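Laboratory data are not the source of any read-out in this text; all were calculated from the coordinates shown. Quick caveat: nothing in here was measured; it's all calculated off a predicted structure. Here Cβ is always computed from backbone atoms with ideal geometry, including for glycine, and neighbour counts include all displayed protein chains.
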Amino acid sequence: MIAGRILVLASMVALLLVPTGATQAAWLSTPREAPTPPTEMTRTPWQRTGETYRTQVTWTPAAGTSVTGYSVDIVRGDELILELEITRPVIILRKLLRGTAYTVRVAAVNDDGVSEPAELRMFTPGKVPPDTDPGELAGPPPRLTAISPATGRPGTRVTISGSNFDNLRYVKFGPRLAAFYVSGTTIVAIAPAGSGTVDIEVMSAGGASTLRKAYTYRP
């Protein structure tokens, strides 16, 4: 063991080891890295105000990473309408148009960089998004293999496993659209209001796939 004095810098990014009787100091760097994306994005039920809607979106910082803030993009359809830099894992969205697709993209930020974004895609009540022009389809359709849990109440967080989850357009439980976010080979969807046993349909730029009688609502 080397005898000496250890000086801890205020930034907490390195240690300065000064051996007894030495004329030079040895730097011991501690590892630093950009944060990983947030997880568990979800929203509160829609609140209608006149002809527009309001909701609150929250998320959870990934475990084991230091986060100083978040970079948030709000997209309406394919149009970026708002960019924000915030410090808390929550945002309130107001004056959302009815029958419209919105995407909330959140990237975690610290002094060493910015994470890949996590996404929550949602549709305000009013109408189902128009059918996709077959000429615009690209890539393979989603492949759905399993869901968990297969039963629950509205608001339950449901994990859909599979592949080909790039460029997802919507997730539906029966006829109703669900808020969701994608993490690798899983989709986490929030079960919308409903009853009975329903199909789960996932639509991407490459087409649609359906799990028949996949989710049963509990009273």
* To do: Let me know the whole percent of all Cα-Cα pairs from the stretch 33-127 that are separated by more than 20 Å.
  => 35
* To do: Provide the net charge surrounding G174, with neighbours chosen by a C-beta distance below 12 Å and charges set as Lys +1, Arg +1, Asp -1, Glu -1.
  => +2
* Asked: If we count every other residue with Cβ under 14 angstrom of V188's Cβ, Lys/Arg +1 and Asp/Glu -1, where does the sum land?
  -> +1
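Within 10 Å of each residue's Cβ, count the other Cβ atoms and sort R48, R169 from fewest upward.
Fewest-to-most ranking of R48, R169: R48, R169.
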* Taking the simple approach of a point 7 Å from Cα along Cα-to-Cβ for both V114 and D73, what is their distance in nm? -> 0.8
* Taking the Cα centre of the stretch 33-127 as origin and charging only Cβ (+1 Lys, Arg; -1 Asp, Glu), how large is the dipole, in debye to the nearest 20? -> 840
* Applying the Karplus parametrisation 6.51 cos²θ - 1.76 cosθ + 1.60 with θ = phi - 60° to the phi angles of the stretch 156-168, what ³J(HN,Hα) value in whole Hz is obtained for each residue in order, glycine and proline being reported as x? -> 5, 7, 10, 9, 10, 9, x, 7, 6, 9, 6, 6, 5
* Structure fact -> Once the dipole of the stretch 132-219 is set up from charges on Cβ (+1 Lys and Arg, -1 Asp and Glu), the residue from the list L168, V188, P149 lying farthest towards its positive end is P149
* To do: Measure out, as a whole number of angstrom, how far apart the alpha-carbon centroids of the stretch 167-219 and the stretch 96-121 sit.
  => 20
